[in-house]
Amino acid sequence: NSSGGIVINARGETLGLATSALSRVAGLAIPVSDVNRASKELLEKGYIPQGYLGVGVYPAAIPESLQSKLSVSNDSGILILRVEKGGAADRAGVLLGDVLLSLGSAQMERIEDLQSFCASAPIGKAVNARLIRAGSLVELSIVVGERPRKGS
């Protein structure tokens, strides 16, 4: 097991930190930029903040006819089932029933896409959101919030 070891290239440059925690078959390297960011956050705040939009969601297929009508490439999107009052999505004007297609340059087709985005989202920064609302394409700017911490 090589988890925790430093991964270097042939020139001796540090690429990242080895881990096998995410795969039983192959090891991978957490990029040094991610390690540095996480270390800095832990030292400064004692925790690693994550982005938060304040929505409850469910995956949703997008019918081919609607994909064609709106010229979108998503086969599916993320249906908004709940909008937290006062949350980032609420402040941006996201509505119950909207279908999220993308955040910034990241396509949103599965719940994991949204989770991945929030894990490294730029907290406090505006990101462009593309949504389907009542059969039409809508673009909003959402200022990413910080996930509330339990006990805070």
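The values are calculated or read from the model by the stated rules, or taken from the named source; none is laboratory data. Everything numeric here is computed off the predicted structure, so don't read it as measured data. Positions of Cβ are generated from backbone atoms using ideal geometry, with glycine treated the same way; all protein chains shown enter the neighbour counts. To get the accessible areas, we keep the full protein, side chains included, count just its heavy atoms, and leave off ligands, DNA and RNA. Shrake-Rupley method; radii C 1.70, N 1.55, O 1.52, S 1.80 Å.
Look at segment 85-117 and say how many of its residues are open to solvent by 60 Å² or more (accessible area, probe 1.4 Å) and of a type in the set (D, E).
Quick first cut of segment 85-117, residues open to solvent by 60 Å² or more (accessible area, probe 1.4 Å) only: 85, 90-91, 95-96, 105, 107, 110, 112, 115-116.
The next check asks that each one be of a type in the set (D, E); those that pass are 90, 112.
Residues meeting the conditions: 2.
Can you name the condition, by its number, that L81 falls short on among (1) more than 28 Å from I48 (Cβ to Cβ); (2) without any contact (Cβ under 8 Å) to a residue 60 or more places away in the chain?
Only one criterion is unmet by L81, namely (1).
Looking only at segment 128-146, count every residue that is open to solvent by less than 40 Å² (accessible area, probe 1.4 Å) and modelled with pLDDT under 95 and tell me the total. Show your work before the answer.
Taking segment 128-146 first, the residues open to solvent by less than 40 Å² (accessible area, probe 1.4 Å) are 129, 131-132, 135, 138, 140, 142, 144-145.
If we keep only those that are modelled with pLDDT under 95 too, we end up with 135, 144-145.
The total comes to 3.
Could you count how many residues in segment 87-108 are of a type outside the set (G, A, S) and in contact (Cβ under 8 Å) with a residue 40 or more places away in the chain?
We begin by selecting, within segment 87-108, every residue of a type outside the set (G, A, S); these are 90-91, 94-96, 98-101, 103, 107-108.
Okay, now just the ones that are also in contact (Cβ under 8 Å) with a residue 40 or more places away in the chain, so 91, 94, 98, 100.
Counting residues in segment 87-108 that are of a type outside the set (G, A, S) and in contact (Cβ under 8 Å) with a residue 40 or more places away in the chain gives 4.
Pairs, please: C-beta under 8 Å, at least 6 apart or cross-chain, first residue free of Cβ contacts under 8 Å to residues at least 24 places away in the same chain and over 19 Å from I142 (Cβ atoms) and in segment 54-70, second of a type in the set (D, E) and open to solvent by 30 Å² or more (accessible area, probe 1.4 Å)?
That search, which allows pairs on different chains as well, returns A61/D75; Q67/D75.
Within segment 23-35, identify whether any single residue is of a type in the set (S, T, Y), over 20 Å from the mean Cα position of the chain (by Cα) and either part of a loop (DSSP other than H, G, I, E, B) or at pLDDT 75 or above (or both), and answer yes or no.
In the first step, residues of segment 23-35 are kept if they are of a type in the set (S, T, Y); the result is 23, 33.
From what's left, over 20 Å from the mean Cα position of the chain (by Cα): 23.
From what's left, either part of a loop (DSSP other than H, G, I, E, B) or at pLDDT 75 or above (or both): 23.
Among the residues of segment 23-35, at least one is of a type in the set (S, T, Y), over 20 Å from the mean Cα position of the chain (by Cα) and either part of a loop (DSSP other than H, G, I, E, B) or at pLDDT 75 or above (or both), which makes the answer yes.
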